Amino acid sequence: MKPKIENRRLIVPRMRSAFCVLRWSALVALTSLGLCGATAFAASPLAATVDQVQPKIVKIFGAGGVRGMENYQSGILISSEGHILTAFSHVLDTDYIDAVLADGRKFDAKLLGADPRLDVAVLKIQATGLPAFDLSKAGSAEAGARILCFSNIFEVAMGDEQATVQRGTVAVRTRLEARRGVFDTPYHGPVYVLDVTTNNPGAPGGALVSARGQLLGMLGKELRNSLNNTWLNYAVPIGELRQSVEEIEAGRFVARRDAPAEKKPEHSITLAALGVVLVPDMLERTPPFVDRVQPGSPAAKAGLRADDLVLLCGDRLVQSCKALGAELELIDYEDPVKLTVLRDQQLIELTLQPVTPSPSNKKGQL
Amino acid sequence: MSGIRAWQINASRAAAIFVLTVVACSAAVRGIAADETTAEEQAFAAAVDRVASSVVQIETTGGREQVEGLLLGTGPTTGLVVDPQGYIISSAFNFIGNPASILVRLPSGKRMAARLVATDHARMLVLLKVDVDRPLPVCEVAPRNQMRVGQWAIAVGRTFAGDRPNMAVGILSALDRISGRAIQTDAAVSPNNYGGPLVDIQGRVMGVLVPLSAQPGGQIAGMELYDSGIGFAIPAEDLQRVLPRLKKGEDLHPGLAGVSIQGANQFTAPPIVAACRAKSPAALAGIKPGDRIVELGGRPISRAIQVRDELGRCYAGDKLSVVVLRGKQRIASDLALVEKLEPHQHGFLGVLPMRSETDEGVAVRYVYPGSPAAAAGVAAGDVLVSLAGESIHDRLELMQTIGMSEPGAEIALEVRRSGALRKLKATLVATPEELPPVDLPAAHENVKSHAVERPAVGAVRLKIPEHNNKVWSYVPTGYDPEIPYGVLVWLHPPGGYEWEELLARWKPLCDKHDLILVAPKSTTQSRWMPEEAMLVDRLLMQVGMTYNVDPARIVVHGYEGGGAMAFLTAFRNRQMIRAVAAVEAVPVGSAPDNDPQFRFSVYLASAEKSPSARSVRQAVASLRKKKIPVVTKGLGETPRYLSDEELSELVRWIDMLDRM
């Protein structure tokens, strides 16, 4: 079974590099097994870790298989009775989900529940006595921690073939920011960014474990960082998933409301109300240069001038006229607006105090 | 069924027992190994901690959104403090969009406006400056002579949300990469850490991460390698060396010497000088063709590639000591490297060579009236035997040798005329730009080939596997493998061509002037696509493998859109294509400088009322500025293709391309 090569990557050479990584990883997997099976099985600490983790990794097959949508992903056994933690994706959009265990046994899996907010799902197979991770014993890690990733990346493993193991390091613990669609995912919370190329078909739902074999996280879905056009290699910490997973397992999961998104006030402040006219918005990212300031306006009183370049609204970087508009929509029409502008290579902080309209005016606005 | 199930259970139980055994047996060993892992993890984190306060985040606003077809990200990107007074180095990749404003965010979270002080175009770095009220922390630098391939290398960036830098762990994969400019690592290097440091396990800075490519490329070269296991960093010691120049606001460029080395394989060829550009640093240092370079910058040199590598480390403005061997004499001098070289102009003696093999030297077919050769008394039928004391072996080598000298150079010739040897001196001039006379003597005697097998002649269909284009060609029916044939590639105007018509026109000309006609059809009737330039390269290679092709007379000829395509094709393939003959067309893109090794000539025909008349005049001026000889032909008032008479004049011009 050859890995499918989908034409979904924008940067083709990277695909090739991913394959190189893969080939290498597969080699690690084989070597580790070889070491465990025959000779000095404890010579490498990673080999022992691999041997302990592999039986808990599940190959999942479901919907997809057309137009760049793979029909496979990975999962993690989290109970001896056959609960499987995996990524909530299109692969699960079917009544026929197959779960193939490390020993090659194939089971029909049932979707027990999912938390779309976390992109996480729990499957159940009819089995007992399975090796499994105990979520309550999952650990956490900091940047620099050596890690192993287990997944059926590119569908290299079939039947009783073991999942691919990749070696790497936690690059940083950070948050996926919700702002302005930097990352196209409903999940906006803490993640482990990894320095190994896991962002490829089949990896979602795989396990991130420490070099000592402690479960740390679940490999996330494919995600692109729109700020610098790179693919993000990341995993969601188990600590973030545990509560939802336990509730799904217990059959009492209630989809939580989305994290309080940035709430827009009923009446937002506008550039016009502040007396600011920006340069014409001609480009995708027109820098927000001030074209004119209305005399006597809040902007004029605060000292804003023509040719100032607005860099920050509050403490958020605004890189275009559109971005400034979007930031202002989050500010109530009566609240002060803090702008930082660049003027002659100096950063100047200004506070624009809107004129509170009289009640009759306010009515007129409505 | 039950049997299978039982086996499965047994198997899994067995596996479980096996796992337990493994864990138990390995416990003792693992204890030590786990400590090792912990120690390593702590060392990685500590190394990053040591540089963290000098690694800053850079945010930019405005600037171009696309460069070379790549949609630029908006950042943030990474920078490294290199001077407490607020100097910060970063990757030039982060600034190719030429942003309107640059903000530096210090690890404390404080934002400051920065300005771009200077760019290092050779190593793709930029230096930024922020005004500081208190000194910024700088890092310790790892000495270059302590770096070893295989040691830990940690790539550090600061591009994610939060107050922690991001890291990627790998090893040092190689030293002295990209002409000695970079060190290489297998740690994940990408826009997530371009501009950040590559540090050793002690937290000392080994280099600054940049995208680089071994192949020449534009400003985004190397980006395609991101996260591939191949990452580059500019050694910190090299950076320290040029920091004073960058701080002064001096933009740095690769340093050029203007020397070409003989031989096709730079990795095996000895470093023998083939040519020096006029007024180039090499020429000014007194280096001459034939010299063997034995030392550069104090380092011994034994192969051609080392010359490129040594020069690759240098900047324009640098002085590089050089030692050459001329005969048995060692000559030492200095190369004052420059950013730009003057284009080369081929010197012209004023003869056309015979193309048939001779026992000695090269026979003269024609002497240009009023040329240096004519003034020195050379006549048709003479045999050129030696040049500057070196005996002459063949026509192409002689062309190359004469062309390496520029107009004004004096050359010493030995000429044999009916047995007697005469010594002559001639001062070379520029290649004339007039059209040739009506009657030229034949380029070869009637050779009777002894070849038994001949390739296909007459009208021949050609096929290049990856291209769908239909291609006709005509090989003179009297084709003789002993005689070198010119190749003319015809690129038709929009609308295609009729083969029968084309053949009727070209057959007599091809037969008379030893010319092979190759006429591809564009895949879309209406126009040529730029990708089809590759087709011409492939056709020329195929024809060159089948027939005896004269490398001095490979011409691409086109009318209207086909003419523009001819320029595009020729500029891309200077190694093979010797001339473009364009009718009612102007060059696409900028012509490269005239090159001593690869001669290039242009024939441009246009009408006064041609819509492109103005552009044609500009193009001619620009080509001449690059020292490319240009012949222009007026077509009268209204734009049209060449008449029969003009066409035979063009073919005579092609016949004279091996002039020297």
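Each other residue within a Cβ distance under 9 Å of residue B:172 adds +1 if Lys or Arg and -1 if Asp or Glu, for a net charge of -1.
Fully extending the segment from residue B:497 to residue B:116 would add 131.7 nm, taking 0.36 nm per residue of separation and subtracting the current Cα-Cα distance. What is the calculated FRET efficiency for residue B:266 to residue B:644, with r their C-beta to C-beta distance and R₀ = 41 Å, to the nearest 0.05? Result of the calculation: an efficiency of 0.30. Across region B:545-660, Cα pairs under 8 Å and at least six residues apart give a relative contact order of 23 percent. Taking a Cβ cut-off of under 14 Å around residue A:163, the surrounding Lys, Arg, Asp and Glu residues balance to a net charge of -2, with basic ones at +1 and acidic ones at -1. Averaged over the residues of B:243-252, the number of partner chain Cβ atoms lying within 10 Å of the residue Cβ comes to 0. Put in line by how crowded their Cβ is, counting other Cβ atoms within 10 Å and starting with the fewest, B:159, A:340 read A:340, B:159. Distances between placed amide hydrogens fall under 5 Å for residue B:275 paired with B:260, all partners being 5 or more residues away or on another chain. What is the local net charge at residue B:467, summed over the other residues whose Cβ is closer than 15 Å to its Cβ (Lys, Arg +1; Asp, Glu -1)? Around residue B:467, the surrounding residues sum to +1. Placing a pseudo-label 7 Å from each Cα along the Cα-to-Cβ vector at residue B:83 and residue A:226 gives an inter-label distance of 3.9 nm. Per-peptide packing, taken as the mean over residues of other Cβ atoms within 10 Å, places A:207-219, B:135-147 in the sequence A:207-219, B:135-147 from highest down.
The calculated FRET efficiency for the pair residue B:412 and residue B:380, based on their C-beta separation and a Förster distance of 25 Å, comes to about 0.75. Look at A:160, B:133 and count the other Cβ atoms within 10 Å of each Cβ; fewest to most, that gives B:133, A:160. With the simple spin-label model, which puts each label point 7 Å out from Cα in the Cβ direction, the residue B:394 to residue B:511 separation comes to 2.9 nm. For Cα pairs less than 8 Å apart in space and 6+ apart in sequence, what is the mean separation divided by the residue count of chain B, i.e. the relative contact order in percent? With pairs under 8 Å counted, the relative contact order is 8 percent. Residue by residue along B:162-169, Cβ atoms of other protein chains within 10 Å of the local Cβ number 6 on average.
What the Cβ-Cβ distance of residue A:292 and residue A:240 gives, at R0 = 45 Å and to the nearest 0.05, is a FRET efficiency of 0.40.
The Rg/Rh ratio of the protein assembly as shown, with Rg taken over Cα atoms and Rh as the Kirkwood radius over Cα pairs, comes to 1.05.
With the simple spin-label model, which puts each label point 7 Å out from Cα in the Cβ direction, the residue A:279 to residue B:434 separation comes to 5.7 nm. Exposure proxy ranking for B:152, B:499, B:490, based on other Cβ atoms within 10 angstrom of each Cβ and starting from the fewest, stands as B:499, B:152, B:490.
Across the cross-link table entries A:59/A:124; B:279/B:626; B:279/B:340; A:301/A:322, which are compared at the Cα atoms, the separations over 22 Å belong to A:301/A:322. Taking a virtual spin label 7 Å from the Cα of residue A:127 along the C-beta vector, which residues in region A:84-109 bring their backbone nitrogen under 15 Å of it? Flagged as within label range: A:84-86, A:97-109. In summary, the aspartates and glutamates within cross-link reach of residue B:423, defined as a Cα separation below 17 angstrom excluding same-chain residues under 8 places away, comprise B:360, B:382, B:390, B:410, B:414. Applying a length cut-off of 24 Å (Cα extent along the axis) and a mean Kyte-Doolittle floor of -1.0 to the DSSP H helices of chain B leaves B:2-52.
For chain B, adding -39500 (n - 2.57) for each run of n ≥ 4 DSSP H residues and dividing by the number of residues yields -7500 deg cm²/dmol at 222 nm.
None of the figures in this text is laboratory data; all of them are computed from the coordinates on show. Just so it is clear, the model here is predicted, and its values are computed rather than measured. Quick reminder, even Gly has a Cβ in these numbers, built from the backbone with ideal geometry, and neighbours come from all protein chains shown.
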